[in-house]
Amino acid sequence: MKYNPAEIEKKWQKRWEKEGTYHIDVTDPVHKLYCLVMFIYPSASKLHIGHWFNYGPTDTWARFKKLTGKRVFQPMGYDAFGLPAENAAVKTGVHPHKSTQENIEDIRIQLKRIGAMYDWRYEIDTSVPEYYTWTQWLFLTLYKNGNAYRAKAPVNWCPSCQTVLANEQVIEGLCERCSSPVNKKDLVQWFFRITNYADELLEHLDNLDWPEKTKLMQRNWIGKSTGVEIQFTITDTGDALKVFTTRPDTLFGVTYMVLAPEHPLVSKITTPENKEHVARYIEQASKKTEIDRQAIDREKTGVPTGAYAVNPINDEKIPVWIADYVLYSYGTGAVMAVPGHDERDFEFAKQFDLPIRNVILEPGKNEHEPLEKAYIDEGTMIQSGAYTGMDSKTGIEKISDELEERGVGKRKINYRLRDWLVSRQRYWGAPIPIIHCDTCGEVPVPEDQLPVELPTDVDFKPTGESPLARSESYMNTTCPKCGSGAKRDPDTMDTFVCSSWYYLRFPSATLDTAPFDKETTNQWLPVDKYVGGAEHAVMHLLYARFITKALRDAGYIGFDEPFLSLVHQGTITNQGAKMSKSKGNVVNPNSFIDRYGSDVFRMYLMFMGPYEEGGDWSDAGIVGIDRFVRRVYHLIIENTSYLAGKFRDDRILFDTLESDARNLYRKCHQTIKKLSVDTERFQFNTAIAALMELLNEISRYTQSMHQRSDIEKTVFVHTIRNFIIMVAPFAPHLAEEVWEMCGQTESIFTSATWPRCDESALNIEEVTIVAQVNGRIRAKFVVSAGTDQNVLKEMTLSNENIKRYIDGKQIVKAIIVKDKLVNLVVR
RNA sequence: GCCCAGAUGGCGGAACUGGUAGACGCGCUAGCUUCAGGAGCUAGUGUUCGCAAGGACGUGGGGGUUCAAAUCCCCCUCUGGGCACCA
């Protein structure tokens, strides 16, 4: 019989579905394990290799855990709101609801072909009212707790997408979606107060089993810095000018001040003769795109305001400038410039011929040498009044103390993280459940009036104004408070809001009275293993952590973190480039599934290399996995007479085994050990290699099966049964089929348990000793393990080839490592 | 510019706390088989010198530590990822 994956895979997928093999009863949390892959974005109707690489291996891990006795909950859903669907709709005229639902239909069929353990009864779709009702509930919950607010702020605007963007969605000054240059605009927008949680988001990273790289990215994004807010005084007006610095030790080196062009004090302190220049500069700065502003190699620009400020440490009068290298959104929007010890200030000072003062002496340098560039590290304080001679580290503390005592400074912590801008001027998203009333102001839609349904009869062409604003029937409503006529909020939510809480929804996917059942949620969450792309390191993953904490504080859940353990699959590239439609290098998995089957394809993806590294796509080796799978299939067909027969006995005593039965048994248990460790750690490539090694050994063993003794046949059956169970997570359909051939009637995933390693069989009995002379290998010999060091030395000395290298020489030293090597050092 | 990760045969990749470099697979070579299919089996396969025994060289480049380095330290090159005037 020939291995026919198409037939076998169909058969088992049908049977799993019919029997509900992977159904999980969420009311019973005993041995629960919540394994989650990032749900799918259904913008295109085809699964690509990246999806398979995400879902296949994760399913392997989940199946492994199931076999070890866990009750694995593995759901799947659709992140269905979002710009790509809407942009496609603008182009094709097909309504995004229609295209999204059609895509989901296609995608579901393809997902099922993977043959993963998804419990489809818990499927979710973020774009349907059954889901977004609760996205709106989430918004209102944050609103009630002061974590959602509306404010006017300079925000990122994508002129192509015609909407605002969160900071996280601006990549190098370009829109994350469409790569257009992003502008700043002053707009009233909705924000989530993620900065309230900045410190906790930073601190809790330490407890998470996440890739260090990802934690580091989040730490950098949060960007905590400790310093002092120092108050300078504007001489003419008496206004306080506050600046934040991490280097109060350089305070004696301040030679000018700089305000961000947007700083409110600018208009007040600018002297009449400078008004025109300043106004022109502000005008120009506001027109720049983020790219222009951020280009680091660009020359610094700025203009003096004509005002002066007084340095509180030495009463020195210094000029105040405005320049766009100072960001209004960070700290106080103003800086004290220390050109001697800050690269940016140095560059600016050079540009405008401002004085540069050396106040931190670099170790080994002469105080009177002029600075060639800013010295930004620690050193000895000089020209610093009473602080001269102090090391800068101490100086930071001492000067901070003095400023605090005198009431002109305060220690402060600043974060780079900004509040999350969640409103969007687009159509295909969850409407913001707020009503604007002329008398009552902002009024939240009462919960019992949710959902605020997204109307379908809207012209969603992007114009920069929210499409919903054009729908009178949508916009006009009554105020829930006073009953008079009022307007709905015309914006929709960032799709990252939908995905910031979906993991909470899964176990309660069908619940229609609440976003999630409190008890079930607290039992099944946090997610035990979360798998998805590293591109979400700071967006989705940070948002989800924040939402979890906010809901905890609102009293809905009893845990701090949503994802205890995180794995990122690597990226599969093609010819070195990320696969994308525009590059035309997308590889369609379907041709491989048709030819080799799902088992072979997913296993090949796992065998290609380390899971977390990904790699460049090549189908060159897939035949290797195909051969492996067929060899397994044929090996079992040829031996069913033993497998289904009387040789089943798991109580084999290793000590009674001899020769190759002993070796096979040992190999079997070595493999069990390796598979258990490697599969747990997502090291699928080496796990599969170990399975191949075991198969090679079994094949050799079976060549003389007919003349083997009963005990030898028993060892064979024992090994092959364990082998099938170990193959099962990697090639589930194949495993079911051969398991059935062995006379089993129930699914391997419900009837088998992951084998336990017989430690007594692992003792290595023979070892190869490497004999070296001066560190170079000159001979090898096999001895039994534990052979005495002196014996090893004697054997080395008497070795013919070794003799050639030591004759006539003096042995200075002999290094002998038990069971490993002998190294003779001769002169 | 700064931070992080990496570089191993013709190819994908293995290698525990420094102790046989190249597991496993692809490819290639030879042989055997077959109801000739994109099949199976056996042996070989880092480079190089040699009939062989056995040498020399070898983990991006250069230095170092050590009896011993893919592994530890320093410098450099390249590749991938992140941040990008955050004071």
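Taken together, the values in this text are just the output of simple stated rules run on the coordinates, not laboratory data. Note that the structure is predicted; figures quoted are calculated from it, not measured. Ideal geometry is used to build each Cβ from the backbone, glycine not excepted, and the neighbour counts take in all protein chains shown.
Normalising by the residue count of the range A:463-604, find the relative contact order in percent from Cα pairs under 8 Å and 6+ residues apart. So the answer I get is 16 percent.
Here the range A:195-260 is treated as a Stokes sphere of Kirkwood radius computed over C-alpha pairs; at 25 °C and 0.890 mPa s its diffusion coefficient rounds to 164 µm²/s. Are there any GluC sites (Glu not before Pro) in the range A:751-787 that are in a DSSP loop and have at most 13 other Cβ atoms within 10 Å? List them by number. Answer in residue order: A:GLU765. Legend: Rg and Dmax of chain A, from Cα coordinates, 34.2, 110 Å.
When each of the peptides A:706-719, A:154-167 is scored by how many other beta carbons lie within 10 Å of its residues on average, the order from highest to lowest is A:154-167, A:706-719.
Taking other C-beta atoms within 10 Å as the exposure proxy, A:MET692, A:MET726 rank A:MET692, A:MET726 from fewest upward.
Estimated from helical segments only, the mean residue ellipticity of chain A at 222 nm is -11000 deg cm²/dmol, where each DSSP H run of four or more residues counts as -39500 (n - 2.57). Computed from the Cα positions only, the extents of the range A:605-659 along the three principal axes stand at 47, 27, 19 Å, in decreasing order. Every Cα-Cα pair of the range A:515-572 was included, and the share exceeding 18 Å stands at 37 percent. For A:LYS224, the amide hydrogen comes within under 5 Å of the amide hydrogens of A:ARG416, counting only partners 5 or more places away or on other chains and with H modelled in the peptide plane. Neighbour counts of other Cβ atoms within 10 Å put A:MET475, A:MET336 in the fewest-to-most order A:MET475, A:MET336.
Greater than 19 Å separation of Cα atoms is the criterion. Which listed pairs, A:LYS66/A:LYS215; A:LYS275/A:LYS317; A:LYS18/A:LYS518; A:LYS46/A:LYS578, meet it? Beyond 19 Å between Cα atoms: A:LYS66/A:LYS215; A:LYS275/A:LYS317; A:LYS18/A:LYS518. Taking amide hydrogens as placed 1.01 Å from N in the peptide plane, the amide H of A:THR163 sits under 5 Å from those of A:CYS158, each at least 5 positions away in sequence or on another chain.
Relative to the longest principal axis of the Cα atoms of chain A, the long axis of helix A:392-405 makes an angle of roughly 50 degrees. Of all lysines in the structure, the ones whose alpha carbon falls short of 29 Å from that of A:LYS793, not counting any fewer than 8 places away in one chain, are A:LYS780, A:LYS803, A:LYS809, A:LYS813, A:LYS818, A:LYS820.
Semi-axes of the equivalent ellipsoid for the range A:191-318, computed as √(5λ) from the eigenvalues of its C-alpha gyration tensor and ordered from largest down, come to 35, 21, 14 Å.
Remark: relative contact order (the range A:178-295) = 30 percent; criterion is Cα-Cα distance under 8 angstrom and separation of 6 or more residues. Taking the Kirkwood radius as Rh and the Cα radius of gyration as Rg, the range A:525-670 has a ratio of Rg/Rh equal to 1.15.
How big is the antiparallel share of DSSP beta bridges in chain A, given as a percent to the nearest 5?
Antiparallel bridges: around 75 percent, rounded to the nearest 5.
Partner lysines whose Cα lies under 18 Å from the Cα of A:LYS646, excluding those fewer than 8 positions away in the same chain, are identified as A:LYS713.
One Cα centroid belongs to the range A:655-688, the other to the range A:356-415; the line between them spans 62 Å. I need the fraction of alpha carbon pairs in the range A:423-516 separated by more than 16 Å, rounded to a whole percent. The share of Cα pairs beyond 16 Å in the range A:423-516 comes to 60 percent. Shown here for the range A:612-678: GluC sites (Glu not before Pro) in loop regions (DSSP other than H, G, I, E, B) with at most 14 other Cβ atoms within 10 Å, namely A:GLU613, A:GLU658.
If you average 1/r over all unlike Cα pairs in the range A:668-827 and invert the result, what Kirkwood radius do you get in angstrom?
For the range A:668-827, the Kirkwood estimate is 19.1 Å.
Normalising the Debye intensity of the range A:660-713 to I(0), with uniform scatterers on Cα atoms only, and taking log10 at q = 0.17 Å⁻¹ returns -0.56. Computed from the alpha carbon atoms alone, the convex hull of the range A:106-256 holds 249 Å³ per residue. Shown in residue order for the range A:10-27 are the 3J(HN,Hα) couplings computed by the Karplus curve 6.51 cos²θ - 1.76 cosθ + 1.60 at θ = phi - 60°: 4, 4, 6, 4, 4, 5, 4, 5, 5, 8, x, 3, 10, 6, 10, 8, 6, 6 Hz (x for Gly and Pro). Could you state the angle between the C-alpha long axis of helix A:129-144 and the longest principal axis of the C-alpha atoms of chain A, as a value from 0 to 90 degrees rounded to the nearest 10? It is inclined by approximately 50 degrees.
Counting only Cα atoms, the size of the range A:475-604 along its three principal axes is 65, 38, 28 Å, in decreasing order.
In a DSSP loop and with at most 12 other Cβ atoms within 10 Å, the trypsin sites (Lys or Arg not before Pro) in the range A:489-591 are A:LYS581, A:LYS583.
Across all directions, the average flat footprint of the convex hull enclosing the Cα atoms of the range A:38-137 is 7.2 nm².
Compared with the dominant principal axis of the Cα atoms in chain A, helix A:83-92 is inclined by about 90°.
Normalised by 2.2 N^0.38 Å, where N is the number of residues, the alpha-carbon radius of gyration of the range A:356-425 equals 1.62. Per the Debye formula with a single identical scatterer at each Cα and no solvent contribution, what log10 I(q)/I(0) holds for the range A:487-545 at q = 0.18, 0.27 Å⁻¹? The computed values of log10 I(q)/I(0) come out as -0.76, -1.15. The order of A:GLU176, A:GLU465, going from fewest to most other C-beta atoms within 10 Å of their C-beta, is A:GLU465, A:GLU176. Relative contact order for chain A: 14 percent, from Cα pairs under 8 Å spaced at least 6 residues apart, divided by residue count.
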